[in-house]
Amino acid sequence: MEKKVQAGFEVQLIALRQRLTREIDSSERALREDVFKPGRITNLPTHPADEDVEGLDSEIAISQNESRLLEQVEGAIERIRAGAFGICQKCGHEIDAERLQAVPYTAYCIECARGEREQIEKPVRDEPRRFL
Ligand SMILES: [Zn+2]
């Protein structure tokens, strides 16, 4: 990959990392405020247990997704610095330029990514061992 193109991805990834770090920070703060709202239980006339549980769950889910994404972004930045950016971490082939434009933090080419998903969707024990 051309240095110029790679530098463009690096700028993009660093900006994404900053955004994610900020978002994770603020959603963690929001979570803490939700959980430890002072005086909340005593001020409420009704039972507070069912209130806002769904909202809290989705906030936790969002912050977990963001953390995972942040890990991928950090991995991609490391690969740029190691000179391995744009190389599939599984099969070693170059990752399609279009795919990198769409998901610059991906570690896998489209074939390997598809393979990973299929493995998750179809557990190995359900597959006949026809290749052996
Ligand atoms: Zn691959």
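Under 5 Å between amide hydrogens, built in the peptide plane, is the criterion, and for residue 87 it picks out 95 among residues at least 5 positions away or on other chains. The residue 1 and residue 23 beta-carbon pair, evaluated with R₀ = 30 Å, returns a calculated FRET efficiency of approximately 0.55. Take the Cβ atoms of residue 116 and residue 32, set R0 to 35 Å, and the FRET efficiency comes out at 0.55.
Here residue 15 and residue 64 are evaluated by their C-beta separation; at R0 = 22 Å the FRET efficiency comes out at 0.50.
A short reminder: the numbers here are calculations on the coordinates, not readings from a lab. Here the structure is a predicted model, which is why all the values come from computation and not from measurement. Positions of Cβ are backbone-derived with ideal geometry, glycine not excepted, and every protein chain shown enters the neighbour counts.
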